[in-house]
1. Output the pairs from Lys47/Lys164; Lys72/Lys166; Lys81/Lys166; Lys132/Lys166; Lys98/Lys233 with a Cα-Cα distance over 27 Å in this structure; if there are none, say none.
2. Using a cut-off of 9 Å between beta-carbons, work out the net charge of the residues near Val99 (Lys and Arg +1, Asp and Glu -1, Val99 not included).
3. In nm, to one decimal, how far is the His222 label point from the Glu118 one, both placed 7 Å along Cα→Cβ?
4. Cα centroids of the stretch 140-169 and the stretch 4-73: how far apart, whole angstrom?
5. Using 0.36 nm per residue of separation minus the Cα-Cα distance, give me the extension gain between Lys106 and Arg202 in nm, one decimal.
6. What is the distance, in nm, between label points placed 7 Å from the Cα along the Cα-to-Cβ direction at Ser183 and at Lys72?
7. In deg cm²/dmol, rounded to 500, what helix-only [θ] at 222 nm does the chain give when every DSSP H run of at least 4 residues adds -39500 (n - 2.57) and the total is split over its residues?
8. Where does each of Ser159, Ser60 land when they are ordered by accessible area, with a 1.4 Å probe and the largest first?
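The values are calculated or read from the model by the stated rules, or taken from the named source; none is laboratory data. Computed from a prediction, not measured in an experiment: that's the story for all the values here. Don't worry about glycine lacking a Cβ; one is built from the backbone with ideal geometry, like all the others, and counts go over all protein chains shown. These area figures cover heavy atoms from the full protein model, side chains too; ligands, DNA and RNA do not enter into them. Shrake-Rupley method; radii C 1.70, N 1.55, O 1.52, S 1.80 Å.
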Amino acid sequence: MSDKMNLRVSGASTMPGGDYGKVSISGSGQVTGNLRADTISCSGAAKVLGNVVTESLDCSGACALSGEVQAKQVHASGSVKVEQNFSGEEMHLSGAVKVMRTLRCKILKITGGLSVGEDVEAEEAYLSGAAKIEGLLNAETIELTSNATSHIREIGCSSLKVRKEKGGWLKRAFGGYALEVNSIEADQADLEYTQAEVVRGRDVRVGCGCRVQRVEYTGTCHADEGTVAELVKV
């Protein structure tokens, strides 16, 4: 059992950073300085003015973190802004999360909205919400199933699958992409409702709702009629 002191910040109070057991920040509570804790729970309009290191980070309110954030387990159901890099092992993001620099984790699950100013690195990424990634999304496995549109500059992965969410018949009938991306590089790419400048891969499928300027493939390729402007085997 940890012998660290717990910290509770509530209302409009301000407390110093340090090394704690359980940290709870509610109301418009603020922590000044670097914060290390076993668990951190944020609700209300919480702020941490420093770096954060924790085993578990749970944000349900409007949380602003000014420094680097390292958290093994992340659950974000509110509004979270990280002004530096954000890293962890498993992240479940169901609220509105904004990362100004890079995001790195093993497993990334997005059911809300994610905005990242630079790159995203993961082993597995599952998107059923919407993402805006200004740099590269790099992962072994990426699955995107959503009726919202994700805007990603570049994707690099082993396996990529893009679909519209089941039951979203209105958007499927009247257009709209699940993914808009400049370039994709993947061993296997299985695409629907995707707009891309170039797709490079070994085995590529370009299905319904797609608009791709150029596909370069080394193995097999199937493209629905009218979905690809230029098809090249290399």
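1. The answer is Lys47/Lys164; Lys72/Lys166; Lys81/Lys166; Lys98/Lys233.
2. Charge balance near Val99 sits at +1.
3. Between His222 and Glu118, the simple spin-label model gives 4.1 nm.
4. 33
5. Values: separation 96, 0.36 × 96 = 34.56 nm, distance 2.45 nm.
Separation in residues times 0.36 nm, less the Cα-Cα distance, equals 32.1 nm.
6. Each label point lies 7 Å from its Cα, and together they span 3.8 nm.
7. -500 deg cm²/dmol
8. Ser60, Ser159
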